[in-house]
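The values are calculated or read from the model by the stated rules, or taken from the named source; none is laboratory data. It should be emphasised that the depicted structure is a prediction, and the values quoted were computed from it without experimental measurement. Please note: Cβ atoms are built from the backbone with ideal geometry, for glycine as well, and neighbour counts cover all protein chains shown. Ligands, DNA and RNA are excluded from the accessible area calculation, which covers all protein heavy atoms including side chains. Shrake-Rupley method; radii C 1.70, N 1.55, O 1.52, S 1.80 Å.
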Amino acid sequence: MNATSIPLHRSSARIGLSLFGLFVLLVLWSLGIHVLGKSMPLAGALSPGDTFHSLYDLLARNELTRHTLTSLKRVMVSLLAALALGVPIGVAVGSSRALDSGTSGAFQFLRMISPLSWMPIAVMIFGIGDSPIYFLLTITAVWPIILNTSAGVRQLNPRWLLLARSLSATRGEILWRIVVPGILGHVLTGVRVAIGMIWILLIPCEMLGVSSGLGYFILDTRDRLAYSELMAAIVLIGALGFLLDALAQRLHRHWVPAGTD
Amino acid sequence: MSKPTTMLHPAVLEASHIALSYGHAGRATNVVLRDFSLQLKAGEVVAVLGPSGVGKSSLLRVLAGLQTPDNGGVRVHGESLRGPHPRVGLVFQDPCLLPWLTLEQNVGFGLDFRHQPVLDAKTRRERVRDAITEVDLQHALGHYPSELSGGMAQRVALARCLARQPEILLLDEPFSALDEITRGDMQTLLQQITARHKTAAVLVTHDIDEALVLADRIVLLGGQPGGLIGEWRIEQPHPRDAVAAELTRVRVEIVQALREARRAGSPPAELQRAVA
Ligand SMILES: Nc1ncnc2c1ncn2[C@@H]1O[C@H](COP(=O)(O)OP(=O)(O)OP(=O)(O)O)[C@@H](O)[C@H]1O
Ligand SMILES: [Mg+2]
């Protein structure tokens, strides 16, 4: 076995194992439906067979496209808002010891409150519609971005700053040429965590007073008693979440050369 | 001696009566340098030797305009220095490359800052390529710093400096982290570059032999607070490998002076090694 074949062999083994894990999940799912079916005749609609059939139908009839796009739009808008808010705050907190000590207690306190607890207040302030969703998702995503950004600023090599000063760099040049690229890896790690949290919170958020999105679609299938479509939506949510995370990981690998972190 | 600028300001770099101290909250201030003066002529290479902690790096930061002395001042071409000068290049002990830039981008880093001379795209590209050729790294343009050896990285740092076509190089133990063979190669390279471009240089080093191989003049810092305690002029032609024997007498003198300086202060480990 030569040196190059080892990692190749390992990565195909990893993919094989991960496919096997998905297969086990499918078996457990079928078994569960089988057991449930004895006491609940409706359970058949939840079986993998019916689910994938419905998923295929829904996708073929283009019925999920609008909901999926709406949900993805909400993720992106909230993520951008969280970045616009979180990166400057993180840079400020990371570069000032006083600001860091001053805010750390308040941040830890706020971070521990489930964003869903703000839901009634968000509706009260922003009314029904997209605005409370954006608000809730943004405050969900802003903490991992602030914390990772400030950690990134703290680990900047002071010699890079000395180098920039020796080249008479202005404050703006230091920010754009040293600080921003130097913390990019940390910010993207924050983005990945934020996407995961947003995606989890998106579904319950979309169950309040909107008429599109995957969360709304779940409530809709329940009202129509279309249980196999409900399961199809659940599978789609899992798959999209998986893809979003893979995308965030890709971005990190693409933009951050080895050795930057 | 014919250029009028040379007549007016025979020194490209002139430090006069530099005094420097660091304040400590609650403790007495630590006076590092007192009344240190140095004149650097165009193309002259001066090596600065001295025990650890005497203030060599601090002195270099003052010469680079990164630190304001308590007293005295620095002039470049007769003009007082306020902040870093575009024609003065700085090389540190660690290469300090930016890991998110390729070798080529690292060399070009700093060519387009607002306070640097404006270059058009073509000149800029040529400057970067020429500097890279000078340190013989044309084959590695697209490599990232994590893919470079210590010697290569330090050559990139040197090229980054050269791309700005400095008249004065300030080097703070630039080769001390390298193995002996690589260090020798880098010394040869630096000697060729300073000779070819008539670049003046202040080279801080712990290595007496490095000073003897490269310098036109060796100054010795010592004492507490630090000041000039010895000065030697080395006039042998380059390369100096062949004339090493002639330099032995100077070497012995420097070692003795350093021993005396050390007896006065605390013993520096690096110098002990060099002396042995
Ligand atoms: N930023 C700083 N703040 C406070 N004191 C400092 C600072 N930098 C250096 N010093 C002190 O100034 C003195 C000289 O330090 P410096 O680094 O200039 O010495 P050096 O001659 O370069 O030593 P070495 O040979 O070990 O590199 C030391 O006593 C050091 O503790
Ligand atoms: Mg030093």
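Identify the residue in the stretch B:155-172 that is touching a helix residue (DSSP H, G or I) at 6+ places or on another chain (Cβ under 6 Å) and more than 16 Å from ligand 1 (Cβ to nearest atom) and, among all such residues, is nearest to the other protein chains (Cβ to nearest Cβ).
Of the stretch B:155-172, the ones touching a helix residue (DSSP H, G or I) at 6+ places or on another chain (Cβ under 6 Å) are B:156, B:159-160, B:162-163, B:170, B:172.
Subset that is more than 16 Å from ligand 1 (Cβ to nearest atom): B:156, B:159-160, B:162-163.
Numbers: B:156: 12, B:159: 14, B:160: 9, B:162: 14, B:163: 11 Å.
Here the answer is B:160.
Collect the residues in the stretch B:22-39 that are of a type in the set (Gly, Ala, Ser) and either modelled with pLDDT of 90 or more or within 16 Å of ligand 2 (Cβ to nearest atom) (or both), keeping them in residue-number order. Outline the logic, then answer.
Looking only at the stretch B:22-39, we keep the residues that are of a type in the set (Gly, Ala, Ser), and these are B:23, B:25-26, B:28, B:37.
Across the stretch B:22-39, the qualifying residue is only B:37.
Of everything in the stretch B:177-192 that's at pLDDT 90 or above and open to solvent by 40 Å² or more (accessible area, probe 1.4 Å), which residue is nearest to ligand 1 (Cβ to nearest atom)?
So, considering only residues that are at pLDDT 90 or above and open to solvent by 40 Å² or more (accessible area, probe 1.4 Å), the one nearest to ligand 1 (Cβ to nearest atom) is B:188.
Suppose we filter B:177, B:201 for residues that are closer than 22 Å to residue B:59 by Cα and within 16 Å of ligand 2 (Cβ to nearest atom); which single one remains? Full working, then the answer.
Values: B:201 fails: within 16 Å of ligand 2 (Cβ to nearest atom).
Within the list B:177, B:201, the selection yields B:177.
Only one residue in A:70, A:65 is surrounded by 16 or more Cβ atoms within 10 Å (Cβ to Cβ), assigned by TED's automatic domain parsing to the domain that holds residue A:203 and over 30 Å from residue A:155 (Cβ atoms), so which one is that? Even if it seems obvious, please write down each step before you answer.
Values: A:65 fails: surrounded by 16 or more Cβ atoms within 10 Å (Cβ to Cβ).
The match here is A:70.
Just the residues that are under 30 Å from residue B:86 (Cα atoms), hydrophobic (A, V, I, L, M, F, W, C) and touching a Gly at 6+ places or on another chain (Cβ under 6 Å), please, taken from the stretch A:134-178.
Within the stretch A:134-178, A:153, A:156, A:167 meet the criteria.
So, in the stretch A:205-261, exactly how many residues are outside any helix (DSSP H, G or I) and under 20 Å from residue A:140 (Cα atoms)?
As a first pass, look at the stretch A:205-261 and keep what is outside any helix (DSSP H, G or I): A:206-213, A:224-226, A:256-261.
If we keep only those that are under 20 Å from residue A:140 (Cα atoms) as well, we get A:206-210, A:213.
Number satisfying all stated conditions: 6.
Looking at the structure I just gave you, is residue B:147 of a type in the set (Asp, Glu) and away from chain A (no Cβ under 14 Å)? If you could, list the steps in order and put the result at the bottom.
Details: of a type in the set (Asp, Glu): yes; away from chain A (no Cβ under 14 Å): no.
No, not satisfied.
Considering only the stretch B:58-92, state which residues are crowded, with 17+ Cβ neighbours inside 10 Å and within 16 Å of ligand 2 (Cβ to nearest atom).
Residues satisfying the conditions are B:58, B:59, B:60, B:61, B:62, B:63, B:64, B:90, B:91, B:92.
Can you name every one of the strands (runs of 3 or more DSSP E) wholly within the stretch B:35-120 that holds 3 or more residues which are under 30 Å from residue B:137 (Cα atoms) and within 14 Å of chain A (Cβ to nearest Cβ)? Even if it seems obvious, please write down each step before you answer.
Working: elements: B:45-49, B:71-76, B:88-91.
Counting at least 3 such residues, we get B:88-91.
For residue B:102, are the conditions met, namely being more than 29 Å from residue B:14 (Cα to Cα), of a type in the set (Val, Ile, Thr), open to solvent by 40 Å² or more (accessible area, probe 1.4 Å) and more than 16 Å from ligand 1 (Cβ to nearest atom)?
Details: more than 29 Å from residue B:14 (Cα to Cα): yes; of a type in the set (Val, Ile, Thr): yes; open to solvent by 40 Å² or more (accessible area, probe 1.4 Å): no; more than 16 Å from ligand 1 (Cβ to nearest atom): yes.
So residue B:102 fails the test.
So which of B:237, B:267 ends up being away from ligand 2 (no atom under 16 Å from the Cβ), surrounded by fewer than 16 Cβ atoms within 10 Å (Cβ to Cβ), modelled with pLDDT of 75 or more and not in a helix (DSSP H, G or I)? Don't jump to the end; show me each part of the working.
Numbers: B:267 fails: modelled with pLDDT of 75 or more.
Residue meeting the stated conditions: B:237.
What number of residues within the stretch B:127-137 are exposed (fewer than 15 other Cβ atoms within 10 Å of the Cβ) and either more than 17 Å from residue B:193 (Cα to Cα) or among the hydrophobic types (A, V, I, L, M, F, W, C) (or both)?
0
Hey, could you check the stretch B:39-53 for residues that are in contact with a helix residue (DSSP H, G or I) (Cβ under 8 Å, 6 or more places away or on another chain) and within 9 Å of ligand 1 (Cβ to nearest atom) and say which is most open to solvent (accessible area, probe 1.4 Å)? It would help to see each step written out before you state the result.
Keep residues of the stretch B:39-53 that are in contact with a helix residue (DSSP H, G or I) (Cβ under 8 Å, 6 or more places away or on another chain), which gives B:42-43, B:45, B:47-52.
Still in the list and also within 9 Å of ligand 1 (Cβ to nearest atom): B:48, B:50-52.
Values: B:48: 0, B:50: 1, B:51: 13, B:52: 60 Å².
Step by step, filter the stretch B:39-53, then rank; the result is B:52.
What's the total number of residues in the stretch B:138-151 that are more than 25 Å from residue A:161 (Cα to Cα) and either within 25 Å of the chain's Cα centre (by Cα) or open to solvent by less than 60 Å² (accessible area, probe 1.4 Å) (or both)? Reasoning before the result, please.
The first filter runs over the stretch B:138-151 and keeps only residues more than 25 Å from residue A:161 (Cα to Cα), leaving B:138-140.
Now restrict to residues that are either within 25 Å of the chain's Cα centre (by Cα) or open to solvent by less than 60 Å² (accessible area, probe 1.4 Å) (or both): B:138, B:140.
Selection size over the stretch B:138-151: 2.
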